[in-house]
Amino acid sequence: MASDGAQAEKYDPGNVSADIGRDIRAIRQSKGMTLTEMAVKLGRSIGYLSQVERGISELSTEELRQVADLFGVPLGWFLVLSDVSEAERGYITRAGLRRTSGDTEGGLAEELLSPDLSGSFEVIRSIFAPRSKRSRPALRMTEETAYMVSGMLDIRIGDKKFTVHAGDSFRFKEEEFDWENNSDEPAVAIWVVSPPIY
């Protein structure tokens, strides 16, 4: 259970505000930010943002844009939830309604395959552009595994270096890592991360 007041709540597939609130909480926690810190950065009260995260209060589009900017995700990341049918919300992710982050021109484009961020893990489709590499190593307090769908990727996990190809998979936990696609073809991986980071 989260230490900042988050409680297990019954899933309500008809409540888009609750879906958005859960995702805001998950992203905030993945960034290591407290509710108090988020309130200060956004100039809002802790109580109001707590109600937003619990789906009791709803953000305006401009406030949602500020949250998206704060966390470095596109505004559409949250708005796509309103296009998902009530029956499918929380269960199904349709190909045309995946939430995206980044772009191949920047080296990495990602799509969230999980219906939302409320579970104990998330599934991401990562597309690594040809001749691209991570700008600096990452260290996350997560356990991660990936399956290479196509292409090849050079991976560094801690002080170990590997080259993985289509059909290979790898796993690491709370270790510094980075990647580089040294080929002329894109590389695609299905990435599972626990707890969710987006």
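The values are calculated or read from the model by the stated rules, or taken from the named source; none is laboratory data. These numbers were taken from a predicted model, which means no experiment stands behind them. Here the Cβ is made from the backbone with ideal geometry for all residues, glycine too, and neighbour counts use every protein chain on show.
Couple of notes before you dig in:
- Residues (among the acidic types (D, E) and either in contact with a strand residue (DSSP E or B) (Cβ under 7 Å, 6 or more places away or on another chain) or assigned to a strand (DSSP E or B) (or both)) located in segment 91-129: D103, E110, E111, E122
- Restricting attention to segment 129-168, the residues being among the hydrophobic types (A, V, I, L, M, F, W, C), surrounded by 16 or more Cβ atoms within 10 Å (Cβ to Cβ) and within 30 Å of G21 (Cα to Cα) number 1.
- First in segment 87-116 and farther than 24 Å from G21 by Cβ and buried (at least 17 other Cβ atoms within 10 Å of the Cβ), second anywhere and modelled with pLDDT of 85 or more and of a type in the set (K, R), Cβ under 7 Å, 6 or more apart: G107/K133
- 2 or more residues over 23 Å from I27 (Cβ atoms): qualifying strands (runs of 3 or more DSSP E) within segment 130-195: 143-150, 152-157, 160-165, 169-173, 187-194
- Residue tally, condition at pLDDT below 85 and either part of a loop (DSSP other than H, G, I, E, B) or aromatic (F, W, Y) (or both), over segment 15-59: 3
- Being at pLDDT 95 or above, surrounded by fewer than 19 Cβ atoms within 10 Å (Cβ to Cβ) and under 19 Å from the mean Cα position of the chain (by Cα) is a description that applies to V123.
- Annotation note: Cβ proximity below 6 Å between a residue of segment 154-169 that is over 14 Å from W191 (Cα atoms) and a residue that is of a type in the set (D, E) (sequence gap 6+ or interchain) occurs for D154/E180; R156/D178; I157/E175; G158/E175; T163/D154.
Matching residues to (1) charged (D, E, K, R); (2) closer than 19 Å to G119 by Cβ:
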| position | (1), (2) |
| --- | --- |
| A39 | no, no |
| G55 | no, yes |
| E62 | yes, no |
| V67 | no, no |
| V84 | no, yes |
| T93 | no, yes |
| R98 | yes, yes |
